[in-house]
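S.K.: Have a look at the structure that comes next, please.
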Amino acid sequence: MTDQAAAAPLTAGVESGRTGRSWRARLVVPAAVVLIYLLLAAFGEALAPYSATDFNTGPPLNAPSWAHLFGTDGFGRDVFSRVLVGTRTILLLSIAATLFGVGVGGGIGLVSGYRGGMLDEILMRLVDILLALPGLLLAILILTSLGPSSLNLVVSIAIVFVPKSARIARSAILPLRGHGYVEAARLRGASTTMIVFRELLPNVLPELIVEFCLRFAYALLLISSLGFLGFGVQPPTPDWGLMISEARNYVSIAPWAVLFPALAIGILVVAVNALADALASTGERRAEQYL
Amino acid sequence: MNSLARFVVRRLALLVLTLFAVSVLIFSITQLLPGDVATMILGMQATPQDLATLRAQLGLDQPAIVQFGRWLAGILQGDLGTSTRFQRPVIDIIGPPLRNSLVLGAAGILFAVPLGLALGLFCALRRNSAADYAISSITIFAAAMPEFVTGGLMIIVFSTWLGWLPPFAGAGGTTRTLVQSASELIMPVASLSLVILAYILRMMRASTVEVLDSAFVKAALLKGLDRRRVILFHVLPVALGPTLSVIALSIGWMAGGLVIVESLFGYPGIGRMLVFVIRNRDVPLLQAITLIIAAVYAIANLAADIGQRLLDPRVGTA
Amino acid sequence: MALLEVADLAVDYSSARGTVQAVRDVTFELERDEVLGIVGESGSGKSTLAHAILGYRLKGTSRLQGRVTFDGVSLLDCPPAVLRRTWGRRMAIVHQNPLASLTPTMRVGEQIAETLRQHRGATHVDSRSAVAACLRSVGLPEGSDIARRYPHQLSGGQRQRITIAIALSLEPDLMILDEPTTNLDATTEAVILDLLGEIKARTHTAMVYISHNLGVIARVATRVAVMYAGEFVEYGRVDDIFRSPAHPYTRALLACRPRAGQTKRDASLQWIGGEIRVRQERAVECIFRDRCPAKTDPCAVAPGWSDMASGHSVRCWNASVSAQIAPASGPATDLQPTDDIVLDASQIRKTFGRRSNSVRAVNDVSMRVRRGAIVGLVGESGSGKSTLLRCIAGLEVADGGKTAYLGADIPASLAARDREILKTMQMVFQDPESTLNPSLTIGTTLRRHLKSFRPVDSSEADRRIERALEQVRLGPQYQHRLPRELSGGEKQRIAIARAFLSAPELVLCDEPLSSLDVSVQSAICQLLLDLQRDSHASYVFVSHDLSIVRYMADRITVMYLGEVIEEGSAQSFDQPPVHPYTEALFSATQLPDPAAKSQRVRLVGQISEADKYGLGCIFNSRCHRRKGPECADAFPPWQELPERRYRCHWSAPELRGLQEGGIGATPVAPYADR
């Protein structure tokens, strides 16, 4: 036995003790914000005072007022209604893309990491190649070659996520591969699927959940960025990124048309990121995996 | 040294392989792009015979593998093809925007890397102090913000409200003074580098904290060494290694950031050109731009690998 | 005035569940030229104490109280600058894990030189020759490039020599050694202990030597403190402690280890029930009361120190009454192996990696196990003993060889084996921390195991699981617990219960004891023997601990570099001749007896992969009994003895002549590291 182990039971609680209290506080606020966004996504359309797509709900480029809380844009559309309705678009797309990407990538990474050997070698080389192109660039290329549609948006973002999630899942499972309980499962004749999903998955789940949150934040960022560039959600569906790029040209006259969608994205992305950060006890370590 | 040389050679070979694989990837994705190049050039009124002749001229009637071979052979001879939109060699078009983007990117790196490393180290050494909490919390905000959001908010505050900075950048061509171009660059550089600044800072903080808790730092302190010597020679070399790979990843991130920031500020770089090129289905130009970005990214990763190896002799010996 | 005076030293940690008292009430003095050995199990606070003596606050320390006076300077309330001048120059510490305590990015020579420069202001040229002198003083060869290497480029033994060289570089008055040999192989440990002995004789440095290993303490210490749950419970000269131990804890610890030549047929080992409890507040009762076999009514009040003899004191109410070591109890088992062969593995071969950098882990190894027998498999790290076990289990697919199990050949690959084979061939793993799935309750783990062999209804499953828990002396409430709520010993018991759920014929034990405390080890040994008596299962028992193997095994197989170099009945190993490597292994065993300081055989150099590919004997480059050129040129034959055989060019009578006077009683071979 080692003395490191000897000291462990005495010192183990120290760090977690301090972070333990603040951990809860760090979790509650961002979780509440995300929850509000989810509610807005569900009921935003009903709450919106105007149709999100109607032109001339008021005079164009009108400053915020009681009639138009966030003002109006160049076509006289109500910015408040558009921001509200846009919540659903971005949340649905991001959640779908993240589930798809992290699910497929995580599954590949888990099996590849557990099995090792040739399969693992080949899969990881493919991952390297996909990762050789910066994420946004790859997403743009895939999306434009597939053609613009919500489904293709989800698919292209998911494809961007697969290699990184595979790597995360693989590196989470690698150190567990030689553990006694895994070998005990092999010795009783359990199949690869059983071992990966019933013995190992529960132990890497916390890491996968953090991965999911980080990817979710990234998906929000990617989708709104694609929208901003005009490759994402197609008009007239209200999209925060697209709203900002449309309003960009008259920002000196009507800053509200940029300000409110920007705040809407900003607050949501920060909340999701803070949530991921609170979930990951070693949040900083993740920087490498996120970029 | 011998093992270092072998390491570098191995990584260089890997770089070549990666670039080849990436060129295959880029070529196949761009082949899938919808729309017919010949129709784009000649317009909808072109006769089928004209289209066929042009296709034969461009080699579009050949199988994909042959087209790929020709493209690759061209690149290796320094010929990036001819832009279908501008009808000029890609190499002539791409120069000025590439230079502009490099200025913007380099400014971002020069801003984010030293500041990120220094603040990260500072936070780690003052762990759990008020300053550390403040800086670390700000990074959570900064790390998550899309560039067009930070940029857009900055435009509202500094151009629309305060009127301090111009809302567009790089539009004036060569007539601008140095001060003018510098003030134009402030907001683009700031919005471009905020995210990577946050990531470099957090990574540096995390890896320094880990090293500070290590047994060898304890051992170095118990040798009676000065605190400064311990930080400089025992903590920094080890903590910097993992941060280097985050810096390399940041350069990849910046490639995406350039597309956004240049579009937002109307800055004439390859990022904005990329958007234009995709809209116009200018495949040769698109291939060239993506390949250049991938190459810069791959070289950054290579440099980070070699840097890590120089800092830590254990790297690559496993 | 003594060199070091420690009085009423107390260290607390703050943790999530409140304050933990790691060290309390520690008082002692240390003179120059003395070695204080501090012995204690994990959780006794000995490493915390080591750092507190230096005035160093480990992470999480919330209180560091008492007095530590080093050469007249009080270390706990002096300014940091004074501490920095003292550390390294006058007090130095050697840590347990040399790889972790050397900076990975700095050449080891520089790590020595910077210490010299810091304290002595030596110039670059001065320090270079001083570094060479330091390396020489710890037996690292001159003229080699060792100073220019990085820590990861050195062997474990060389690394620990470097950390000792750093500690010695400024000839400190006090050296603190915190388990310096714990992570090393036995033969390397023996060499490092020799080195420390030489250093002490040369420099008269005072030392505090901390270890969990009673044998090591008996070897190095002049005085011994026995530490339990943060307190000293017994203190005295080394002979007092090992000859007339007075505290029940000390006596129990000594009785946990087999004495020289003792086997399971002679006596059962003692163990200490329960485990060290973390102390949150000052205990009113004796700290050892809950585990003490000799507790009486007065123990409800913490005892003070009482003197047994001059300089020998103990903290126990009943010390004077029970000064005798507990009398040996009856044999631990009476099961005799039958002639029935359960496992017959022949010519097993396993190579890892691809051509260019392949490692031949197991080379043509054969092994036979009879029903009801325990075959002990010994060898140092890198000997291939675990790989062999894993090949038999099917966790690794052997490249060559045949395995017959219960009279029939079985496939090498796990996937191709019948369920019946899987059911009756079980394994117990080394690391209790990873042997159980951390996210499943004990009940679920056991139930999954049970159901994988045949369908059982839930009430029967419950019954069988309860019975299995009972067999390993754990209550049915353990079913509902998660592994993290269990101690290391309890986890290993569950792992054993899992193995015995399916009525095994053969249990492969891969170092099942090496991560456990001494007092827990003996309990697990007895448990394995009891289960074997009831089930007549056979064991292959892998261990690097020769004393335990000698105690447990009926037959012993010694492996070196992937080959068997000696095998035979366990008791035959007491008589010479034995293979020179076995001789060195025996000689490196540290017995808990200060008088056992006989002359020892020491191995030269270190295990090297290259030795496997020579023409001659794989051991020839390190052998202290080399016969001649044939050792390097020709593969040695088996030399047959009545109950044993070994692979060597020396015939039995020749080797017996060399080893006369007892195994290991030959001059120390001159040491030269490669």
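The values are calculated or read from the model by the stated rules, or taken from the named source; none is laboratory data. Fair warning: this is a prediction, and the values are worked out from it, not measured in the lab. Note that each Cβ is placed from the backbone with ideal geometry, even for glycine, and that neighbours are counted across all protein chains shown. We work out accessible area using only protein heavy atoms, side chains counted, and drop any ligands, DNA or RNA first. Shrake-Rupley method; radii C 1.70, N 1.55, O 1.52, S 1.80 Å.
S.K.: Return yes when C:Ser306 is among the hydroxyl-bearing types (Ser, Thr, Tyr), within 21 Å of C:Glu231 (Cβ to Cβ) and open to solvent by 30 Å² or more (accessible area, probe 1.4 Å) and no when it is not. Before the answer, list the steps.
M.R.: Details: among the hydroxyl-bearing types (Ser, Thr, Tyr): yes; within 21 Å of C:Glu231 (Cβ to Cβ): yes; open to solvent by 30 Å² or more (accessible area, probe 1.4 Å): yes.
It is true that C:Ser306 is among the hydroxyl-bearing types (Ser, Thr, Tyr), within 21 Å of C:Glu231 (Cβ to Cβ) and open to solvent by 30 Å² or more (accessible area, probe 1.4 Å).
S.K.: Restricting to region A:219-238, what's the tally of residues that are facing chain B (nearest Cβ under 9 Å) and under 17 Å from B:Met145 (Cβ atoms)? Please lay out each step first, then the result.
M.R.: From region A:219-238, those facing chain B (nearest Cβ under 9 Å) are A:220-222, A:224-225, A:228-231; that's our starting set.
Next, from what is left, pick out any that are under 17 Å from B:Met145 (Cβ atoms): A:220-222, A:224-225, A:228-229.
Total satisfying the criteria: 7.
S.K.: What helices (runs of 4 or more DSSP H) lie completely within region C:414-528 and have 1 or more residues being within 10 Å of chain A (Cβ to nearest Cβ) and crowded, with 18+ Cβ neighbours inside 10 Å?
M.R.: Values: elements: C:419-424, C:442-451, C:458-471, C:488-500.
Of the helices (runs of 4 or more DSSP H) lying wholly inside region C:414-528, those with at least 1 residues that are within 10 Å of chain A (Cβ to nearest Cβ) and crowded, with 18+ Cβ neighbours inside 10 Å span C:419-424, C:442-451, C:488-500.
S.K.: Inside region A:124-148, can you point out the residues that are open to solvent by 10 Å² or more (accessible area, probe 1.4 Å) and under 18 Å from the mean Cα position of the chain (by Cα)?
M.R.: A:Leu131, A:Gly135, A:Leu136
S.K.: Yes or no: C:Val549 aliphatic (A, V, I, L, M), modelled with pLDDT of 90 or more, over 18 Å from C:His649 (Cα atoms) and in a helix (DSSP H, G or I)?
M.R.: So C:Val549 fits the description; yes.
S.K.: Restricting to region C:170-197, what's the tally of residues that are in a loop (DSSP other than H, G, I, E, B) and either open to solvent by 10 Å² or more (accessible area, probe 1.4 Å) or away from chain B (no Cβ under 13 Å) (or both)? Before the answer, list the steps.
M.R.: Restricting attention to region C:170-197, the residues satisfying the condition of being in a loop (DSSP other than H, G, I, E, B) are C:170-173, C:179-185.
In the following step, the residues that additionally are either open to solvent by 10 Å² or more (accessible area, probe 1.4 Å) or away from chain B (no Cβ under 13 Å) (or both) were identified as C:170-171, C:173, C:181-185.
Number of matching residues: 8.
S.K.: What's the number of the condition A:Leu84 fails, among (1) open to solvent by 20 Å² or more (accessible area, probe 1.4 Å); (2) more than 30 Å from B:Leu19 (Cα to Cα); (3) not small (Gly, Ala, Ser)?
M.R.: Here A:Leu84 meets the rest and fails (1).
S.K.: Further, regarding this structure: What helices (runs of 4 or more DSSP H), lying completely within region C:561-674, carry at least 2 residues that are among the charged types (D, E, K, R) and modelled with pLDDT of 75 or more?
M.R.: On the way: elements: C:580-588, C:630-633, C:652-658.
Counting at least 2 such residues, we get C:630-633, C:652-658.
S.K.: Among the residues of region C:575-587, is any crowded, with 20+ Cβ neighbours inside 10 Å and within 15 Å of the chain's Cα centre (by Cα)?
M.R.: Yes: region C:575-587 contains one or more residues that are crowded, with 20+ Cβ neighbours inside 10 Å and within 15 Å of the chain's Cα centre (by Cα).
S.K.: The conditions are (1) surrounded by 12 or more Cβ atoms within 10 Å (Cβ to Cβ); (2) at pLDDT below 85, and C:Cys292 fails exactly one of them. Which is it?
M.R.: (2)
S.K.: Shifting gears a bit: Among the candidates A:Ala280, A:Ala247, A:Ala254, which residue alone is touching a helix residue (DSSP H, G or I) at 6+ places or on another chain (Cβ under 6 Å), modelled with pLDDT under 85 and closer than 29 Å to B:Val275 by Cβ? Write out each step before concluding.
M.R.: Values: A:Ala280 fails: closer than 29 Å to B:Val275 by Cβ; A:Ala254 fails: touching a helix residue (DSSP H, G or I) at 6+ places or on another chain (Cβ under 6 Å).
Criteria check complete, one pass: A:Ala247.
S.K.: Could you tell me whether B:Leu240 is modelled with pLDDT of 90 or more, more than 13 Å from chain A (Cβ to nearest Cβ), under 25 Å from the mean Cα position of the chain (by Cα) and under 23 Å from A:Ala280 (Cβ atoms)? Before the answer, list the steps.
M.R.: Working: modelled with pLDDT of 90 or more: yes; more than 13 Å from chain A (Cβ to nearest Cβ): yes; under 25 Å from the mean Cα position of the chain (by Cα): yes; under 23 Å from A:Ala280 (Cβ atoms): yes.
So B:Leu240 passes the test.
S.K.: Oh, and also: Out of everything in region B:167-191 that is within 15 Å of B:Leu104 (Cβ to Cβ) and within 14 Å of chain A (Cβ to nearest Cβ), what residue ends up being modelled with the lowest pLDDT?
M.R.: If we take residues in region B:167-191 being within 15 Å of B:Leu104 (Cβ to Cβ) and within 14 Å of chain A (Cβ to nearest Cβ), then B:Ala171 is modelled with the lowest pLDDT.
Every residue, every condition in (1) facing another protein chain (nearest Cβ under 9 Å); (2) open to solvent by less than 10 Å² (accessible area, probe 1.4 Å); (3) hydrophobic (A, V, I, L, M, F, W, C), yes or no:
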{"position": "B:Leu249", "(1), (2), (3)": "yes, no, yes"}
{"position": "B:Gly257", "(1), (2), (3)": "yes, yes, no"}
{"position": "B:Leu264", "(1), (2), (3)": "yes, yes, yes"}
{"position": "B:Arg272", "(1), (2), (3)": "no, no, no"}
{"position": "B:Thr290", "(1), (2), (3)": "yes, yes, no"}
{"position": "B:Ala294", "(1), (2), (3)": "yes, yes, yes"}
{"position": "B:Leu302", "(1), (2), (3)": "no, no, yes"}
{"position": "B:Gln308", "(1), (2), (3)": "no, no, no"}
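S.K.: If you don't mind, there's one more thing I want to ask. Spot the failing condition for C:Leu49; the list is (1) assigned to a strand (DSSP E or B); (2) under 23 Å from C:Leu193 (Cα atoms), and only one is missed.
M.R.: (1)
S.K.: Output the number of the condition that B:Arg279 fails; it satisfies all remaining conditions of (1) surrounded by fewer than 21 Cβ atoms within 10 Å (Cβ to Cβ); (2) away from chain C (no Cβ under 14 Å); (3) touching a residue at least 12 places away in the same chain (Cβ under 8 Å).
M.R.: (3)
S.K.: Looking only at residues in region B:56-78 that are in a helix (DSSP H, G or I), open to solvent by 40 Å² or more (accessible area, probe 1.4 Å) and more than 19 Å from B:Ile91 (Cβ to Cβ), which one is modelled with the lowest pLDDT?
M.R.: Step by step, filter region B:56-78, then rank; the result is B:Gln57.
S.K.: Does C:Pro411 satisfy being within 14 Å of chain A (Cβ to nearest Cβ), touching a Pro at 6+ places or on another chain (Cβ under 6 Å), modelled with pLDDT of 90 or more and surrounded by fewer than 19 Cβ atoms within 10 Å (Cβ to Cβ)? Working first, answer last.
M.R.: Numbers: within 14 Å of chain A (Cβ to nearest Cβ): yes; touching a Pro at 6+ places or on another chain (Cβ under 6 Å): no; modelled with pLDDT of 90 or more: yes; surrounded by fewer than 19 Cβ atoms within 10 Å (Cβ to Cβ): yes.
Answer is no for this residue.
S.K.: If only one of A:Leu151, A:Leu174, A:Leu201 is more than 12 Å from every other protein chain (Cβ to nearest Cβ), under 29 Å from C:Leu422 (Cα atoms) and either touching a Gly at 6+ places or on another chain (Cβ under 9 Å) or open to solvent by 10 Å² or more (accessible area, probe 1.4 Å) (or both), which one is it?
M.R.: Values: A:Leu151 fails: under 29 Å from C:Leu422 (Cα atoms); A:Leu201 fails: more than 12 Å from every other protein chain (Cβ to nearest Cβ).
Every option except A:Leu174 fails the conditions.
S.K.: Sort out for me the strands (runs of 3 or more DSSP E) sitting completely within region C:338-405 that have 1 or more residues that are farther than 22 Å from C:Tyr560 by Cβ.
M.R.: In region C:338-405, C:341-352, C:359-370, C:400-405 are the strands (runs of 3 or more DSSP E) which contain 1 or more residues that are farther than 22 Å from C:Tyr560 by Cβ.
S.K.: Here is a check on your reading of the model: is A:Ser156 more than 10 Å from chain C (Cβ to nearest Cβ), among the small types (Gly, Ala, Ser) and surrounded by 22 or more Cβ atoms within 10 Å (Cβ to Cβ)? It would help to see each step written out before you state the result.
M.R.: Values: more than 10 Å from chain C (Cβ to nearest Cβ): yes; among the small types (Gly, Ala, Ser): yes; surrounded by 22 or more Cβ atoms within 10 Å (Cβ to Cβ): yes.
Criteria met by A:Ser156.
S.K.: Considering only region C:61-93, how many residues are facing chain B (nearest Cβ under 9 Å), within 33 Å of the chain's Cα centre (by Cα), outside any loop (DSSP other than H, G, I, E, B) and not polar (S, T, N, Q)?
M.R.: 4
S.K.: Moving on to the next point. Scan region A:70-81 residue by residue and report those that are within 13 Å of A:Pro235 (Cβ to Cβ) and open to solvent by less than 20 Å² (accessible area, probe 1.4 Å).
M.R.: A:Asp73, A:Arg77
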